[in-house]
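Data first, discussion second: the structure below is written as structure tokens.
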Amino acid sequence: MHQKWWSVLFGVVMAAAALLFVVAPFAGWWLPKNVSSYGPGVDNLFYLILAITGFFFILTEAVLVYCLYKFADRPADTKAQYIHGNHKLEMFWTAIPAAILLLIALLQIKTWEDIKYRSKMPDPDVVFEVSARQFEWRVRYPVPHTMAGWTADWKRDNAEPAGAKSWAKQPHSDDIHVVNEIHTWKGANTRFYLTTRDVLHSFYLPNLRLKQDAVPGKRIPVWFRATESNVERDANGQWKLTDEWDLVCAELCGWGHYKMIGRLYVHKDKADYDAWLEQAQKDQDRKQP
Amino acid sequence: MIASPSANKGIIALALAAVVLFSGCEENYNENQVYPERSDPLVVEQFESSPVRIDPPGLFPNTLAELPNPKEAESPPTGKVVDPSKVDRGYRDAMGKALEKYFGRPLHPLVGGIEDSERDALKLDKETLAEGSRLYRLHCLHCHGLSGNGRGPTAPWVNPHPRDYRQGIFKFSSSSQPSGSRKPRRDDLLRTLKQGIEGTSMPSFALQSEKELDQLVSYVIHLSIRGQVEYEMLKEWNKASSKEKPKPGDVDDGMKEWITLIIGMWKGADAALITPEAFPEDLWGSIKHGYEVFQANYKDDKGTMQAGVGCISCHIDYGRANNLKYDAWGTIVRPLDLTQGVYRGGRRPVDLYWRIHSGINGAQMPASNNAVKTQKEIWDLVNFLQILPYPKMRAELREKYKDYTFEMD
């Protein structure tokens, strides 16, 4: 008799797991705030897959719990029945999931293109380089007038200017170096070259739904556009975050992998970003203590 | 219960394990944990020999067997390494007690034997140190070790090895104190924490709050003072002839004297900032002269041979072909490859100025403020360094001075 309690245990745990999904958005345990132009595409795919897999999860678990309950405590005096299965049923429950997977594969193409394909990346308003190393993100910005030249050429030719390409390979002496901070402004087409100085890392901005592995030896172009700003200037002229949008490492890279956190600063507009860049340049160029 | 007796036990065991796992660790740090007694060898004199290779991963080079020239048979010993296990047991026990009296334990650190004004100036009060200690255990201990010995579990696996604070030497300082008593200013330590050390395993801790960084700096200073007191007293005991060895009874007074001396150095650092000269106006002229000063000697405009600072003697081929050396901690270093554009102590012009002006403590980079003819020459060197990593800028230098032969590539 007591064997039936296992089905209760399973049933309760499965029900609690399902309930968690219902409760999570209201408890703040759900997806981080989406401030990305291609974010909705990613989230929609997520919800679609969640709905499909959730349906099948509840279905199969319900069947499991039912079987656990019904067939527990059966006396061992009945002979087992051997059946050959049901060919039609097996075809059915293979073909349907295959069709669903194919559907998902087709539906995700556009979103993947928008995020990853170089031909689909819009001409950038801001360009920089992110160099991952154990255990921080070293960011290198070109000086404003250099970048203005590239972005103008980019828009005119609709192709990556040679200057930007060579800058990605070889630093300039007037580059502005910052650690663990990504700066851009609201609505700017932001493009950067992702490199790593040692092992595999992965550039992950949860709020932008952006993840890109940093592969040793490669210089990978990545783009995003933030739809909201999280930076304000306080009374002392310091730039402060109103919302923390983390940059984290998503590829295990050593003992400090969990500590490899940076911050995303999305300024209100280009003027604010330019002001910050100018200040960063001054700080780097200090000739007096 | 739910199922068979053995399954019941399994469920209870799982529940208990979950309670233990998820109960957290930090609040239960052991009251009785003390700073360990120093057992690794003390390097008391700079090694002049050249190592043949950098130490392999997982090893420190300075076990007694591996360090060159341990000479202990003579009395007093003239070697460069002191084996702490050879120091009189009674003296070591007395030292251990006194160190605990003046410096406390990891959970309750303190700095005793100093004036209140000194404690305030260096922010070494008990509350700051206790919080600093907690943060240190969280963020720093696995590399820098419990007593700041640079021998935490991660330490043998990274190159360069983490800093050992116990000799009271910190590489990157903007203080103008003479070498031997040169300490970092508080700003220097804060800057190291905020920007990390590019080219090493020291990451940036800029995401900690200002207050937390301040507490960490205070704790590091505490560890350094404690370590240096222990180091100096062991060195002193070793140096004394066998008839005049200090006695256990002398430990307390001796320690107080050392604390006073070392605190004075730390206080002096904050007041002794190197303020650079005015920046030269003729930038490219400055760069060219920086190139000249970098060499051992050069011909000036009149054709007379002048002595340069001779940076090139260590930074061979501008750092591309450097030899390995030993530093003051007995670990292996190499002069920086200046063509890479990676500067450990900071890349700002003023940082490079400080490095050249007063050298890098402990690392065989000497102070050059007396080797240059005028302080402006330090700026010339800085400006030259700033174009050195960039082939286009080197080409531009050649363009501007077509008649001059630059041997840089």
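The values are calculated or read from the model by the stated rules, or taken from the named source; none is laboratory data. Since this is a predicted model, take the numbers as computed values, not measurements. As a convention, Cβ positions derive from the backbone with ideal geometry for all residues, glycine included, and neighbour counts pool all protein chains shown. These area figures cover heavy atoms from the full protein model, side chains too; ligands, DNA and RNA do not enter into them. Shrake-Rupley method; radii C 1.70, N 1.55, O 1.52, S 1.80 Å.
Of all residues in region A:230-245, which are buried (at least 17 other Cβ atoms within 10 Å of the Cβ) and within 14 Å of another protein chain (Cβ to nearest Cβ)? Across region A:230-245, the qualifying residues are A:TRP239, A:TRP245. Only residues that are in a loop (DSSP other than H, G, I, E, B), touching a strand residue (DSSP E or B) at 6+ places or on another chain (Cβ under 6 Å) and away from chain B (no Cβ under 14 Å) were counted in region A:155-189, giving 2.
Surrounded by 17 or more Cβ atoms within 10 Å (Cβ to Cβ), part of a helix (DSSP H, G or I), touching a Phe, Trp or Tyr at 6+ places or on another chain (Cβ under 9 Å) and more than 14 Å from chain A (Cβ to nearest Cβ): is that true of B:GLY113 in this structure? For B:GLY113, the condition - surrounded by 17 or more Cβ atoms within 10 Å (Cβ to Cβ), part of a helix (DSSP H, G or I), touching a Phe, Trp or Tyr at 6+ places or on another chain (Cβ under 9 Å) and more than 14 Å from chain A (Cβ to nearest Cβ) - is not met.
Against the conditions (1) modelled with pLDDT under 90; (2) out of contact with any strand residue (DSSP E or B) (no Cβ under 8 Å at 6 or more places or on another chain); (3) within 20 Å of B:GLY285 (Cα to Cα), where does B:ILE356 fall short? Just the number, please. With (1) modelled with pLDDT under 90; (2) out of contact with any strand residue (DSSP E or B) (no Cβ under 8 Å at 6 or more places or on another chain); (3) within 20 Å of B:GLY285 (Cα to Cα) applied to B:ILE356, the lone miss is (1). Looking at region B:383-406, is at least one residue of a type outside the set (Gly, Ala, Ser) and within 24 Å of the chain's Cα centre (by Cα)? The answer is yes, given that some residue of region B:383-406 is of a type outside the set (Gly, Ala, Ser) and within 24 Å of the chain's Cα centre (by Cα).
Count of region B:232-267 residues, restricted to those that are of a type outside the set (Gly, Ala, Ser), touching a residue at least 24 places away in the same chain (Cβ under 8 Å) and open to solvent by 10 Å² or more (accessible area, probe 1.4 Å), is 15. Looking across region B:388-409, just one residue is of a type in the set (D, E, K, R), within 12 Å of another protein chain (Cβ to nearest Cβ) and farther than 17 Å from B:ASP282 by Cα, and that is B:LYS392.
Of these, B:PRO178, B:PRO162, which one is surrounded by fewer than 18 Cβ atoms within 10 Å (Cβ to Cβ), without any contact (Cβ under 8 Å) to a residue 60 or more places away in the chain, out of contact with any strand residue (DSSP E or B) (no Cβ under 9 Å at 6 or more places or on another chain) and not acidic (Asp, Glu)? After applying the criteria, what remains is B:PRO178.
Considering region A:273-289, the residues that are of a type in the set (D, E, K, R) and out of contact with any Phe, Trp or Tyr (no Cβ under 8 Å at 6 or more places or on another chain) include one that is most open to solvent (accessible area, probe 1.4 Å), namely A:LYS282. Just to be sure before I move on: is B:GLU257 acidic (Asp, Glu) and modelled with pLDDT of 95 or more in the structure I sent? Yes. Screening region A:9-41 for residues that are in contact (Cβ under 8 Å) with a residue 12 or more places away in the chain, open to solvent by less than 70 Å² (accessible area, probe 1.4 Å) and farther than 27 Å from A:LEU210 by Cβ and picking the one that is nearest to the other protein chains (Cβ to nearest Cβ) gives A:GLY11. Annotation for region B:46-56: at least one member residue is modelled with pLDDT of 75 or more, assigned to a loop (DSSP other than H, G, I, E, B), open to solvent by 40 Å² or more (accessible area, probe 1.4 Å) and of a type in the set (D, E, K, R). Of all the criteria given as (1) modelled with pLDDT under 75; (2) closer than 28 Å to B:GLY249 by Cα; (3) surrounded by fewer than 12 Cβ atoms within 10 Å (Cβ to Cβ), the one not satisfied by B:GLU72 is (3). Determine whether region A:142-149 contains at least one residue that is crowded, with 19+ Cβ neighbours inside 10 Å and within 25 Å of B:LYS194 (Cβ to Cβ). Checked region A:142-149: at least one residue is crowded, with 19+ Cβ neighbours inside 10 Å and within 25 Å of B:LYS194 (Cβ to Cβ).
I'm checking my understanding of the structure. Among residues of region B:184-212 that are touching a Lys or Arg at 6+ places or on another chain (Cβ under 9 Å) and either over 30 Å from A:THR196 (Cα atoms) or away from chain A (no Cβ under 14 Å) (or both), which one is least open to solvent (accessible area, probe 1.4 Å)? Among them, the one singled out is B:PRO184. The residues listed here are A:VAL222, A:VAL248; of these, the one that is modelled with pLDDT of 95 or more and either open to solvent by 20 Å² or more (accessible area, probe 1.4 Å) or in contact with a Pro (Cβ under 8 Å, 6 or more places away or on another chain) (or both) is A:VAL248. For region B:209-222, check the following and say yes or no: at least one residue is modelled with pLDDT under 95, within 23 Å of B:ASP187 (Cβ to Cβ) and not in a helix (DSSP H, G or I). Yes. For region A:251-272, the tally of residues that are assigned to a loop (DSSP other than H, G, I, E, B), more than 11 Å from chain B (Cβ to nearest Cβ), surrounded by fewer than 20 Cβ atoms within 10 Å (Cβ to Cβ) and out of contact with any Asp or Glu (no Cβ under 7 Å at 6 or more places or on another chain) stands at 3. Does B:LEU385 satisfy being within 14 Å of chain A (Cβ to nearest Cβ) and over 21 Å from B:ARG163 (Cβ atoms)? Yes: the conditions hold for B:LEU385.
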